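Here's the structure, in structure tokens; my notes come after.
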Amino acid sequence: MSPGKRLARWFAASARDLPWRGGSRDPYGVLVSELMLQQTRVDRVVPRFREFLRRFPDLRSLAQVREEEVLEAWSGLGYYRRARSLHRLAREVVERGGRLPGSAAGLRELPGIGPYTAAAVASLAFGERVAVLDGNVLRVGARVLGLEGDPRRAAASGAIRTWVEALMEEAPPAVVNEALMELGATVCTPRGPDCGACPFAGECAALASGRQEAIPPPRRTRGPEAHRWAAAVVVSPSGRWLLRPVTGGAVLRGLWLPPLATGLGADVDPVAAARAAAGLPLDGGRAADPVRHSITHRRITVVPVVWRVEGEALPDGDGIWADPLEPGVPTSSLLAKLAGAVEGVG
């Protein structure tokens, strides 16, 4: 049996049951799943994908709502730039007639769509014969072909692309791409690959030489940036928190969080910084245990400072009072972390 057919048979028997697979591949659903899966674990995406498509079943319904509603539906997945790009894309496509382009080249002209996402949607939804070279596919290809060095470099990625496209002569492009991504995620893993379960075991150059964990070599990454913030947790008698929309920055902009003081030096008092961020006549303030939060390559330590106030009067436009666990507005997973940290703090 040819390698492509072995891969297709393996995938049919071993693929995980995921909501964006099977049946007719709706291009919109494929696009949403691919954007959600970028830098986000599958187990986190599954429930959010189902809920997102329930609220916005197609591009037209997505295009008709405010960005704030899209961000709320995306809450908890992080990397909110993806949601903003998807919303802009929906509006642009609807203005053009409502149909996604059927080719990778056409898809790349849309907001927020890079080479990988364009290839994935074109292949999985439209059957275009184009390789999807994500990290999993590059790892599988580098091992089977025995490629030393970084598989993202032009020479190596070109060889892997040629290998993937040859497999597409033996099985449908969508099957080949999705099977290779699944193989890398579940069998040909970075550490401890299950080579006995791999459909390419008999022809894998890395396995033959005993170098399957050395290929590809570990990526050299820069260390994360360390940041220190303070959050003003202002709690009303009903237990609701003061939340305001974040107006600055590209990552948290438009999300609702407690007033934040960012970029604090090690010598800055977090209580004073949080009080200043709140901009309210607050006395005292009790700091709770800090929480750790990650945003892209930033590692943030956030000190929550708690004030319990007697009423819920706020100047017009100064924010809202909301349940921190069910705020009803777009927010970040940071809010739930803060809620857990201040539980029981007087």
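For the condition touching a helix residue (DSSP H, G or I) at 6+ places or on another chain (Cβ under 7 Å) and part of a loop (DSSP other than H, G, I, E, B), what is the one hit in 77, 71?
77
Write out, first by first residue and then by second, each pair whose Cβ atoms fall under 9 Å of each other, whose residues are 6+ apart or on separate chains, and whose first residue, in region 145-172, is under 21 Å from residue 199 (Cα atoms) while the second is of a type in the set (Gly, Ala, Ser) and loosely packed, with under 13 Cβ neighbours inside 10 Å.
146/208; 146/209; 147/155; 167/2; 169/2; 170/2; 171/2
Restricting to region 1-20, count the residues that are surrounded by fewer than 17 Cβ atoms within 10 Å (Cβ to Cβ) and either under 21 Å from residue 70 (Cβ atoms) or among the charged types (D, E, K, R) (or both).
Narrowing region 1-20 to residues surrounded by fewer than 17 Cβ atoms within 10 Å (Cβ to Cβ): 1-2, 5, 9, 12-19.
Narrowing further to those that are either under 21 Å from residue 70 (Cβ atoms) or among the charged types (D, E, K, R) (or both): 5, 9, 16-17, 19.
Total meeting the criteria: 5.
Specify which of the listed residues (94, 121, 130) is within 17 Å of residue 177 (Cα to Cα) and either touching a strand residue (DSSP E or B) at 6+ places or on another chain (Cβ under 7 Å) or part of a helix (DSSP H, G or I) (or both).
121
Applying the selection to region 256-287, what residues are closer than 30 Å to residue 87 by Cβ and either out of contact with any Phe, Trp or Tyr (no Cβ under 7 Å at 6 or more places or on another chain) or not in a loop (DSSP other than H, G, I, E, B) (or both)?
256, 257, 259, 260, 261, 263, 277
For residue 204, state whether it is under 27 Å from residue 43 (Cβ atoms), outside the structural domain of residue 309 (by TED's automatic domain parsing) and touching a helix residue (DSSP H, G or I) at 6+ places or on another chain (Cβ under 9 Å). Before you say what the answer is, go through the steps one by one.
Details: under 27 Å from residue 43 (Cβ atoms): no; outside the structural domain of residue 309 (by TED's automatic domain parsing): yes; touching a helix residue (DSSP H, G or I) at 6+ places or on another chain (Cβ under 9 Å): yes.
For residue 204, the condition - under 27 Å from residue 43 (Cβ atoms), outside the structural domain of residue 309 (by TED's automatic domain parsing) and touching a helix residue (DSSP H, G or I) at 6+ places or on another chain (Cβ under 9 Å) - is not met.
On the basis of being in contact (Cβ under 8 Å) with a residue 24 or more places away in the chain and either assigned to a loop (DSSP other than H, G, I, E, B) or not aliphatic (A, V, I, L, M) (or both), does residue 234 make the cut?
Details: in contact (Cβ under 8 Å) with a residue 24 or more places away in the chain: yes; either assigned to a loop (DSSP other than H, G, I, E, B) or not aliphatic (A, V, I, L, M) (or both): no.
When the stated conditions are applied, residue 234 does not pass them.
The values are calculated or read from the model by the stated rules, or taken from the named source; none is laboratory data. Keep in mind that what you see is a predicted model, and the values were worked out from it rather than measured. Here the Cβ is made from the backbone with ideal geometry for all residues, glycine too, and neighbour counts use every protein chain on show.
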